[in-house]
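Colleague: Sharing a structure below in structure tokens format, with a few things to ask.
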Amino acid sequence: MTVHDTARVVAQRIQNTEINPYEMMLQQLDMVHEYTNIPEGIWRILRTPERALEVNVPVVRDDGSIDVFTGYRVQHSSARGPCKGGIRFHPGVTVDEVKALAGWMAWKCAVVNIPYGGGKGGICCDPTSFTPGELERLTRSYASMIYPLIGAKRDIPAPDVNTNAQVMNWIVDTAQVLSGESTPGIVTGKSIEMGGAHGRHEATGRGVMFATLGVLQRLGIEIEGARIAVQGFGNVGSIAARLLHEHGASIIGISDVSGAYHCPVGFDLARVLSYVETSPGRLLAGLQHPGVEEITNDELLAMDVDVLIPAALEAQITASNASNIRARVIVEGANGPTTPEADLILGEKGSVIVPDILANAGGVVCSYFEWVQNIQCFPWEEKETNQRLGQILQRSLREVWSMAEERGISLRLAAFILGVERVATAIQLRGVFP
Ligand code: NAD
């Protein structure tokens, strides 16, 4: 069995046994319907992506053999501006997952009120099995195959799970070779030397930090000494953990795909971060830390903490584990970590959930800043980026919080209403064409 076959089997298993993310996105959307006056026809437009492209990407392996990987680029809506959304390399990538993520991007960009629509891309593959050369060839082939759809004024990809600044650099370069023009604004999340924004790498985690601080302050919970558990110790989870730790929080639970760990007195974050910097696959496996016990991922989610930050993948908090969750506040670093059924259970328990489309919007907001800097050929200092990021996220939280209070609804419902209504308004103002 080739690695490609293995990736397909994993994807199939995920497809067969887990919640379909697109169904989940539609369920969330339908929940919003009764709270809005959006006409039926516009509603039908909102429920379907504008375009979904499937590509089959051939890659020449280092040993000369050829594998083919299926990838996608989905544009949910371009009503408010160019489509915007990351590219994911993961064995679980399916067209329905990418469609769901593209829809969430449309609501997310609208809820923080930046001039973008929503899109997403992904390739069903296991990137850990690639050599750097194979990864580059995979990325460039995929970029050339989705090239007709993407562009600084059309659709702007960015990093997501298992993709990073290097992957974005290859995409920019491929586009430049194909077009013969310098096109830094075609993707965001690039290296600084390639036109990337100072602060982009930390931006999503920083946004999670702003969301956490904002909600704790409103609930009257001190950040100093607040106990926090973080599921997923990649870009979003590790940076959110570090920044909240710097604000005085005690990070007592962390996990990644290799395992989960509990440290009742709080992790020494500098020590953990320096360990994963050089550990195989940047994983927590093998972490040596005083006072730490290994726990299961389910135990991590059920920890007695003030804040739980799911920052791994979607559908982690489900109907089967939601009743065990003890965190007062859940700040969704990941996209779609809570299923609609789990959301209802948590709502009844009185948990306060800062939804993904608000909590993890820091990345796309900073991507917007990067795009603006690329268009203007005028780079900003990191301080300016972080300051403006804070302003946008604080304003967005304020708007969502006020709507939730005024209408007596959850933060998720308020964020969805705000985002979806803004997209619907743009569609109505444009008119329906063709
Ligand atoms: P990443 O690949 O850097 O990190 C993902 C982390 O999750 C890794 O530590 C991985 O080991 C862990 N993980 C995977 N499966 C797990 C499991 N079953 N249990 C526990 N841990 C598990 O990815 P990332 O960029 O940090 O993205 C994480 C989430 O945040 C995704 O849902 C992504 O869509 C979302 N997100 C990312 C960004 C961004 O800028 N990177 C922006 C918005 C949203």
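The values are calculated or read from the model by the stated rules, or taken from the named source; none is laboratory data. Quick caveat, the model's predicted, so the values are computed rather than measured. Reconstructed Cβ throughout: ideal geometry from the backbone, glycine too, with neighbour counts over all protein chains shown.
Colleague: Among the residues of the range 56-108, what is the count of those that are of a type in the set (Ser, Thr, Tyr) and surrounded by fewer than 19 Cβ atoms within 10 Å (Cβ to Cβ)?
Modeller: First, the residues of the range 56-108 that are of a type in the set (Ser, Thr, Tyr): 65, 70, 72, 77-78, 94.
Among the residues that remain, those that are also surrounded by fewer than 19 Cβ atoms within 10 Å (Cβ to Cβ) are: 65.
Residues meeting the conditions: 1.
Colleague: On the given criteria, is VAL307 touching a Leu at 6+ places or on another chain (Cβ under 9 Å), buried (at least 24 other Cβ atoms within 10 Å of the Cβ), closer than 25 Å to HIS247 by Cα and modelled with pLDDT of 95 or more?
Modeller: On the way: touching a Leu at 6+ places or on another chain (Cβ under 9 Å): yes; buried (at least 24 other Cβ atoms within 10 Å of the Cβ): yes; closer than 25 Å to HIS247 by Cα: yes; modelled with pLDDT of 95 or more: yes.
Criteria met by VAL307.
Colleague: Please state which of the following conditions ASN164 fails to meet, knowing it meets all the rest: (1) at pLDDT below 95; (2) assigned by TED's automatic domain parsing to the domain that holds ALA327.
Modeller: That leaves (2) as the condition not met.
Colleague: Another one. Tell me yes or no: at least one residue of the range 198-211 is in contact with a Lys or Arg (Cβ under 6 Å, 6 or more places away or on another chain), surrounded by 24 or more Cβ atoms within 10 Å (Cβ to Cβ) and modelled with pLDDT of 95 or more.
Modeller: Kept after step one, since they are in contact with a Lys or Arg (Cβ under 6 Å, 6 or more places away or on another chain), are these residues of the range 198-211: none.
Among the residues of the range 198-211, not one is in contact with a Lys or Arg (Cβ under 6 Å, 6 or more places away or on another chain), surrounded by 24 or more Cβ atoms within 10 Å (Cβ to Cβ) and modelled with pLDDT of 95 or more, which makes the answer no.
Colleague: Please specify each residue of the range 157-192 satisfying the condition of being outside any helix (DSSP H, G or I), at negative phi and within 16 Å of the ligand (Cβ to nearest atom).
Modeller: Step one: filter the range 157-192 for residues outside any helix (DSSP H, G or I), giving 157-164, 180-183, 187-191.
Next, from what is left, pick out any that are at negative phi: 157-161, 163-164, 181-183, 187-188, 190-191.
Selection gives PRO157, ALA158, PRO159, ASP160, VAL161, THR163, ASN164, VAL187, THR188, LYS190, SER191.
Listed here are the residues, each with its yes/no results for (1) farther than 16 Å from LEU300 by Cβ; (2) within 12 Å of the ligand (Cβ to nearest atom).
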{"residue": "GLY266", "(1), (2)": "no, no"}
{"residue": "ARG271", "(1), (2)": "yes, no"}
{"residue": "LEU283", "(1), (2)": "no, yes"}
{"residue": "LEU287", "(1), (2)": "no, no"}
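Colleague: Out of (1) in contact (Cβ under 8 Å) with a residue 24 or more places away in the chain; (2) more than 20 Å from VAL354 (Cβ to Cβ), what's the single condition that is false for GLU193?
Modeller: Just one mismatch for GLU193, condition (1).
Colleague: Right, next: Name the residue, out of GLY234, GLY225, that is surrounded by fewer than 24 Cβ atoms within 10 Å (Cβ to Cβ), near the ligand (Cβ under 9 Å from one of its atoms) and over 24 Å from ASN374 (Cα atoms).
Modeller: Details: GLY225 fails: near the ligand (Cβ under 9 Å from one of its atoms).
Of GLY234, GLY225, the one residue that is surrounded by fewer than 24 Cβ atoms within 10 Å (Cβ to Cβ), near the ligand (Cβ under 9 Å from one of its atoms) and over 24 Å from ASN374 (Cα atoms) is GLY234.
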